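The values are calculated or read from the model by the stated rules, or taken from the named source; none is laboratory data. Worth saying up front: this structure is predicted, and the values here are computed from it rather than measured. Cβ placement follows ideal geometry from the backbone for every residue including glycine, while neighbour counts extend to all protein chains displayed. Accessible surface areas use protein heavy atoms only, side chains included; no ligands, DNA or RNA. Shrake-Rupley method; radii C 1.70, N 1.55, O 1.52, S 1.80 Å.
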4 protein chains.
Amino acid sequence: MDLESIKTELGAFVRERDWGQFHTPENLAKSISIEASELLECYQWGSNADVNQVQQELADVFIYCLLLGEKYNLNLEEVILEKIEFNKQKYPVEKSRGKSDKYDRL
Amino acid sequence: MDLESIKTELGAFVRERDWGQFHTPENLAKSISIEASELLECYQWGSNADVNQVQQELADVFIYCLLLGEKYNLNLEEVILEKIEFNKQKYPVEKSRGKSDKYDRL
Amino acid sequence: MDLESIKTELGAFVRERDWGQFHTPENLAKSISIEASELLECYQWGSNADVNQVQQELADVFIYCLLLGEKYNLNLEEVILEKIEFNKQKYPVEKSRGKSDKYDRL
Amino acid sequence: MDLESIKTELGAFVRERDWGQFHTPENLAKSISIEASELLECYQWGSNADVNQVQQELADVFIYCLLLGEKYNLNLEEVILEKIEFNKQKYPVEKSRGKSDKYDRL
């Protein structure tokens, strides 16, 4: 994913509409949660979802996540790789293999 | 963001733990929503959030979003750019400038 | 459910901790969403949930819903019955029987 | 709130539409989360919400919560009062007064 071109597009989209004023971190966090829920709605009554709908809602989640990352000037690639590293410690292979249990129940 | 290296890391992390069996699209959609809510919890009582906490929860949202994208073999860059394009039509500059109203109330 | 005794208990609980200051409608709405997500977490990886956990998270959702209702002085019984009535119109029996489709797709 | 009359109404509404088949506990938990998010959407960009909208979304959250309670034959009044009791221990007045901190940070 060429994040830079997406960020450029996104920045222009927001600026043209003068929407930066609404994009406080708190409002963006609410928005991520709201869009994540619209994504969940694709699976409300079962596992079969309309892929086109999933795609659109997933894009919305990404968009607000990218905007929130920008607010804190996060290097998202770094942040995500660090979290995967952290999760490796939290869920050691030998303890968590084949189990969906939370780390505090392993 | 070099998505490819993240996907490689993520794929190995999941495979080593044999967690693919839990990652149905529906379960991933639930997980995105759950993590988005943990992110929201950083702002539960106000706008000041612990940046380190925000960073970690945001990473979790991204991770599950990437895994869901993989399930459907989505080209996320394309999907996101398409959605921005779609939103441009939905929210024309002249109608939506400086307003946080939903498209059906513009 | 004797709502009045619950409201009395809840009111005293909040007052003793001087938590009313945090309970703006917006914060309560976030809290409902956060607790609903903790409830969802009981089903994150499958349909079998720990009933005791479900019970506790469900109670938390109710508690914040009751507090939000209080903020707006809503007569919840009335509000809920009205909504059921509204849903009856939105989902006529002949159109919606045995289908989980949303009203705009019936 | 006369819960019994609401439950009776709700039971008839569901039965007439033959919707019981969709109301697994897991689907109801997803639905609670989805509706809680629609409620949150009333506050997406700020603290001023349309009360009528809030009322309707709040009713939807209650309705799915009541249906989930029914699935497990919970005595909701009891469950909620027990949770308040539990929270009293978790948040002792002397430690939590005037603070919005989580119990593990008090």
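What to note about this one:
- About the Cα centre, charge dipole magnitude for the protein assembly as shown (Lys/Arg +1, Asp/Glu -1 at Cβ), debye: 0
- The modelled label-to-label distance for the pair A:E85/D:E82, using points 7 Å beyond Cα in the direction of Cβ, is 4.5 nm.
- Nearest-20 debye value, segment B:33-80 charge dipole, Cβ charges on Lys, Arg, Asp, Glu: 60
- Chain C: angle of helix C:51-71 to the longest principal axis, Cα-based, in degrees nearest 10: 80
- D:T8 accessible area, 1.4 Å probe, all protein chains in place, Å² to nearest 10: 90
- The spacing between segment A:58-82 and segment D:59-99, judged by their C-alpha centroids, is 34 Å.
- Extended-chain gain in nm, criterion 0.36 nm per residue less alpha-carbon gap, B:N73 and B:N48: 5.3 nm
- Estimated 222 nm signal from helices in the protein assembly as shown, with DSSP H stretches of n ≥ 4 weighted -39500 (n - 2.57), rounded to 500: -22000 deg cm²/dmol
- Proximal aspartates and glutamates to D:K95, defined as alpha-carbon separation beneath 13 angstrom and excluding residues fewer than eight positions away on the same chain: C:E16, C:D18, D:D104
- Spatially proximal lysines relative to B:K90 (Cα-Cα < 29 Å; intrachain offsets below 8 disregarded): A:K7, A:K30, A:K71, B:K30, B:K71, B:K99, B:K102, C:K30, C:K90, C:K102, D:K30
- Using a 7 Å projection from Cα along Cα-to-Cβ, the label point at C:L106 is separated from the same position in the remaining copies by 3.0, 4.7, 4.8 nm, smallest value first.
- Rounded to the nearest 20 debye, the dipole size of segment A:65-106 about its Cα centre is 340 debye, using +1 on the Cβ of Lys and Arg and -1 on the Cβ of Asp and Glu.
- For chain C, modelled as a GNM whose springs connect Cα atoms under 10 angstrom apart, the maximal fluctuation among C:N87, C:N27, C:N73 occurs at C:N87.
- Solvent exposure of D:W45, expressed as accessible area, is near 70 Å², computed with a probe of 1.4 Å over the protein chains only.
- Dipole orientation for segment D:24-84: of the candidates D:L66, D:A49, D:P25, D:P25 has the Cα lying most toward the positive pole (charges on Cβ; Lys, Arg +1; Asp, Glu -1).
- 0 to 90° range, to nearest 10: angle between helix B:25-41 axis and chain B longest Cα axis: 60
- Cα long-axis angle, helix B:3-17 against chain B (0 to 90 degrees, to the nearest 10): 40
- Rounded accessible area of C:D2 (nearest 10 Å², 1.4 Å probe): 70
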